[in-house]
Every structure is written in C-alpha cells, then in structure tokens.
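The values are calculated or read from the model by the stated rules, or taken from the named source; none is laboratory data. Here the structure is a predicted model, which means the values were calculated and not measured. Glycine gets a Cβ as well: all are built from the backbone with ideal geometry, and neighbour counts include every protein chain shown. We work out accessible area using only protein heavy atoms, side chains counted, and drop any ligands, DNA or RNA first. Shrake-Rupley method; radii C 1.70, N 1.55, O 1.52, S 1.80 Å.
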Amino acid sequence: MELLNRALNLVVPPASLVMMAFAWPTLYFISCCEWIYSTYFSRRSVENKVVVITGASSGIGEQIAYEYAKRGANLVLVARRDHRLRAISDNARRFGAPHVLTIAADVVKEDECRRFINETINCFGRVDHLVNTVTLGHTFYFEEATDSNLFPIIMDINFWGNVYPTYVALPYLRESNGRIVVNTSVENWLPLPRMSLYSAAKSALMNFYETLRFELKDEVGITVATHGWIGTEMRRGKFVMEEGAEMQWKEEREANVRGGPVEEFAKHIVSGACRGDPYVKYPSWYDVFFLYRVFAPKVLHWTFRFLLTDGGAARTTSFIGTGRPLLEPSSPQRIGSPLLEAASPRKFLGSPERASKASYSRRMPFSE
C-alpha cells in the first residue's frame, strides 16, 4: 500500500494538471452557456418573495437589502441595532420593497433566531430566501492576543451566527423550495496574517454549507458568496481612542459604508441568488491562488511572505483584545488592514478585561 501511495503521489498531480489543461476550455464554455441561459432565460423573480437578511444594519447586509428591494421583494431585516434598521427600512421602501419588517435580535442565540423566524412566518406566512451576512473580523496576530475570551466570540459570530438562523429557517425553506445565501470570504482557504481566527471560522462555515448542500439535494438551494478585499466597515471605520475599546468599536460599526466594491458585491450576490448560482465570487481572479494552494503551496507561501512583509516598519494594526497601545500610523496600510486614525500615540485600546467585556456584552459584528 505504501508503494502504491508513493506511485500515485508522483503520477496523480501532473496527470491532473494535464487533464485540467485540456478540460478547462470545454468547462469554461459550458459555464458561459449556463450563465447566459440562467441570466436571460431562466431568471427567478423574487418579486413579492420573503427575504430574511441577518446583519442588515450596515455593510454588505445593508446593500443586499437594497438590491432585493429593487427587485420587489418583501424584506425582514435582522440585526441588533434597531435604530439603524429603521433608517435602512425607510431606504428599502423607497427602493421598491412592498413591505419591510425590522427585528432586533442576536443571531448567536438560538432562541432569538427562532423568535425572528416565527415573527416572519406570522407576518408573511413563508420564507423564500435566508441571507446570512453577519461577520466579525480581527487584525491582530494570534500571539499578540492577551485575552482569550475574544476567541469564542469571533467563532460564535462568524460560525454559529450563520448556522443558527439556517437551522431554524430550514423547515420553512423546504416548504418554499427556497434558497440560503451565505457571505463568506476568500480567507476560508487563502491564509493571510492577522486573520487566523477569522479564517478558521470562515473555513468551518464553508465546509458546513458544502456538506449541507449535499444533504439538502435540490430541495433548498445554497449560494455561497466569496469576496476578497472590499470596502467594508472593518476597513473604512475611523478609530477614535479617547473612550477606549468601546468607542473604537462604535466608530467601526457606525461608519458610513459606501463605495463601488461593496455595492458591486451585493449586486453580484443577489443576481447570483436569483439565477440559482451555487457560487458567487468577487473578484473571481482570486481563484488562481487556489491552484497554487493545491499544487504549489510553497510558491504561494513565498509570494505572500514577500508581498506582506513590512520590513521591520512600525506596526499600525488594530490591537483589539491585546491590551497593547496603538501606534500612530506613519506609513500606508498593507492590503487588508483597516484605516486607523489615532489622536495620539499614547492612546490605548483599554485593558483586555474591558475589551472582552465590551465585545461579549455588545457582540459587535462589523456587518450587523
């Protein structure tokens, strides 16, 4: 058996590359034909359908709500910030949503997920699309974290914050032959520094929905949306340090999110969901890295070490949960880093205990 495995290790990778080189043009042509057919001849209307969107109070969730509203869908907007939901509800009605229901709820709690799904059924009698957009990122190196209480919070929001709404809504989605839309990230398979816990949670989420896709067969569709680096609250928020970690997170989450990438990604997600696409990728050129990940991982490793090295420059990353001071930015941010604005290099994010308490009590996903 060992000899057989050694032989396959030598033969299978190059043989697979040769097969892919010959098969790719044909597969690409078939994919283009499927896209044309689904876009122009088999497009599924969501007019008067009921769409539940979690994490709808900002970021991608807000923009997705507007895209569904333009298509005439009835919306159920779920997040913990009720005041934000009211404003987005008014905007969605102006964009064309016939009815908009807003519900303040915490998606990492199963009982609250049951509550907003039950309220949806009581109001509309059905659920057609469930769109999960709740996410929480971080930008610290794992070894810098001095408060491990943050770890389960990040995992809870990024994983269970998607799984619980899916679990509760699934019986109703079966009845309507509906669709689940989940917002994940390229970090679910592309390793990047300062995102270890976030990447782990997104990887778990990706595997969960890929497995669920096989279990549900064609009874409930699943669209997995994968994005690279786009403009979100995590990158656009300006951090004000005077009041410590709580103020920092408040500013992150209350930042006005606009910009082409976020809106374009939302359009791609909703269009893909209406076509019944299993995947939506924005931008799609990230896929080339996956080939390196599988067939030449050392090349990918060397490339990212070269691109992401800081050459010993002063760090300007966010030290959420580390209890360390934030250095005043003196050089442009590296790809994927949030924009930081510190009033003084002596400002602190607060103690680890305070950061943990603020994060756990408020549970602040960037897109909720």
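When N74, N118 are screened for being over 21 Å from I269 (Cβ atoms) and modelled with pLDDT of 95 or more, only N118 passes.
Do we find a residue being part of a helix (DSSP H, G or I), more than 30 Å from H83 (Cα to Cα), modelled with pLDDT under 95 and open to solvent by 40 Å² or more (accessible area, probe 1.4 Å) anywhere in segment 180-197? Yes. In segment 225-236, the condition of being at pLDDT 85 or above and under 23 Å from W24 (Cα atoms) is met by at least one residue.
Being part of a helix (DSSP H, G or I) and surrounded by fewer than 21 Cβ atoms within 10 Å (Cβ to Cβ) is a description that applies to F151.
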